[in-house]
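Only one structure is covered here, and it is reproduced in the block below.
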Amino acid sequence: MVEHLVANERVASSNLVSRSIFPAPPRGGLSHKTSIVETMTLSEVMHVHIPSLRLDSTFRDAVDKMDIYQFPALVVVDVDKKPVAVLTEGDLARAISQKGDVTGLGTAKAIDFATRHPAVAQPDLEVSEALHLMLTQGHSLLPIVSDGRLAGIVLRVDLMQALLMDVAAPLPPDAAG
């Protein structure tokens, strides 16, 4: 059984198996230390009740959903729920900078500012591998697909949190108070 530190209290978890934090980086990529943590898959940490955008969603729709659901990025899906693009808060900010006026963008199609053909992952991908993918490719959100349909998403911070919780140690006395 593994214990996690949550709000300065230890909480037990038992559904995991040992492995290194990151897989070996390909072709001389990131160098890092490995330590023993638990194997987790995206299915264990992904958000499944998520807002998404349709192909006809507007800039305003995107801003509203990001605000209401507190997600910094959204997946644009087609009628079959297949991810076709990812729209980030950064994409929206760039659009405002280029246009010079946010109010004129309200009815613009959100997909016009999104990154098309997003990288996607399967629910059984290991958390450490997904984080490595996201860091090396500069993604802040990774759509998770099952049978080609959007099943959920993970944010970089979700994966960092999951890995850090697995290696959590008691807080030093000076940090606890």
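The values are calculated or read from the model by the stated rules, or taken from the named source; none is laboratory data. These figures come from a predicted structure and were not determined experimentally. Backbone-built Cβ (ideal geometry, glycine too); neighbour counts: all protein chains shown.
Things to note:
- Cβ-Cβ contacts under 6 Å between residues 6 or more apart (or on different chains), taken from a first residue in the range 40-51 that is in contact (Cβ under 8 Å) with a residue 40 or more places away in the chain and on the phi > 0 side of the Ramachandran plot to a second residue that is assigned to a loop (DSSP other than H, G, I, E, B) and not hydroxyl-bearing (Ser, Thr, Tyr), are absent.
- Among the criteria (1) modelled with pLDDT of 95 or more; (2) of a type in the set (A, V, I, L, M, F, W, C); (3) under 13 Å from the mean Cα position of the chain (by Cα), the one residue 150 does not fulfil is (3).
- Complete set of residues in the range 70-105 that are of a type in the set (D, E, K, R) and more than 17 Å from residue 117 (Cα to Cα): 89, 94, 99, 101
- Given (1) within 19 Å of residue 102 (Cα to Cα); (2) out of contact with any strand residue (DSSP E or B) (no Cβ under 6 Å at 6 or more places or on another chain), number of the condition residue 74 does not satisfy: (2)
- Residue list for the range 42-82, restricted to those being hydrophobic (A, V, I, L, M, F, W, C) and within 18 Å of residue 108 (Cβ to Cβ): 53, 55, 59, 62, 63, 66, 73, 74, 76
- None of 150, 105 is crowded, with 16+ Cβ neighbours inside 10 Å, in contact with a Lys or Arg (Cβ under 8 Å, 6 or more places away or on another chain) and either more than 15 Å from residue 47 (Cα to Cα) or free of Cβ contacts under 8 Å to residues at least 60 places away in the same chain (or both) except 105.
- On the stretch given as the range 119-154, residues that are in a strand (DSSP E or B) and farther than 12 Å from residue 75 by Cα total 3.
- Check on residue 77, at negative phi and in contact with a Ser or Thr (Cβ under 6 Å, 6 or more places away or on another chain): yes
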